[in-house]
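Asks: Shown below is the structure under consideration.
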Amino acid sequence: MDKESEFLMTDEELRERDLTDAQKQRIKKIEEDDFRWLMADKRGRRIMWRLLERTRVYQSSFTGNSQTFFLEGTRNVGLMLISDIQNTAQSSLL
């Protein structure tokens, strides 16, 4: 990899590049286990619901001005959380 390409990488990309596949899998498993733990408790689910409400994931983000960009960024965080719920903790919620 040349210096210019390395310069354009984020800190996270640089760290991930140096991890082995086994280390990446271990980190992913730990993150999934942590999320399952959070969602297994009613208090964790209440926290998650509050976060989803604050990210306005179930509301329109269109304002007709540049605030839409900010609201869409906030909403995107909520969508990532919903994805985590669906991918990690869904079986514990059914």
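Asks: Give the Kirkwood hydrodynamic radius (Å, one decimal) of the chain, defined as one over the mean of 1/r across all pairs of different Cα atoms.
Replies: Details: mean 1/r = 0.0629 Å⁻¹.
Averaging 1/r across every pair of different Cα atoms and inverting gives 15.9 Å.
Asks: Given a 1.4 Å probe and every protein chain left where it sits, what share in percent of the accessible area of the chain is carbon and sulfur?
Replies: 54 percent
Asks: While we're looking at this one, here's another question. Measuring with a 1.4 Å probe in the full set of protein chains, what accessible area per residue, in whole Å², belongs to the chain? Intermediate results must be reported in sequence, preceding the final value.
Replies: Details: 7800 Å² over 94 residues.
Per-residue value: 83 Å².
Asks: If you don't mind, another one. Calculated from DSSP H runs of 4 or more alone, at -39500 (n - 2.57) each and per residue, what is the 222 nm mean residue ellipticity of the chain, nearest 500? Intermediate values should be presented prior to the final figure.
Replies: Working: 6 runs with 67 residues, N = 94.
Taking each H run of at least 4 residues, the total per residue is -21500 deg cm²/dmol.
Asks: Once you have the alpha carbon radius of gyration of the range 13-67, what is it after dividing by 2.2 N^0.38 Å, with N set to its residue count?
Replies: 1.71
Asks: Then there is this: Loop only by DSSP, 11 or fewer other Cβ within 10 Å of the Cβ. Give me the chymotrypsin sites (Phe, Trp or Tyr not before Pro) in the range 1-93 that pass, ordered by residue number.
Replies: Sites meeting the loop and neighbour criteria: Tyr58, Phe62.
Asks: Sum up the charges of everything whose Cβ sits under 12 Å from the Cβ of Gly78, counting Lys and Arg as +1 and Asp and Glu as -1, but leave Gly78 out.
Replies: Neighbourhood net charge equals +1.
Asks: When each pair of different Cα atoms in the range 36-83 is counted once in the 1/r mean, what is the Kirkwood radius in angstroms, to one decimal?
Replies: 11.4 Å
The values are calculated or read from the model by the stated rules, or taken from the named source; none is laboratory data. Note that the structure is predicted; figures quoted are calculated from it, not measured. Note that each Cβ is placed from the backbone with ideal geometry, even for glycine, and that neighbours are counted across all protein chains shown. Side chains included, ligands, DNA and RNA excluded: accessible areas come from the protein's heavy atoms. Shrake-Rupley method; radii C 1.70, N 1.55, O 1.52, S 1.80 Å.
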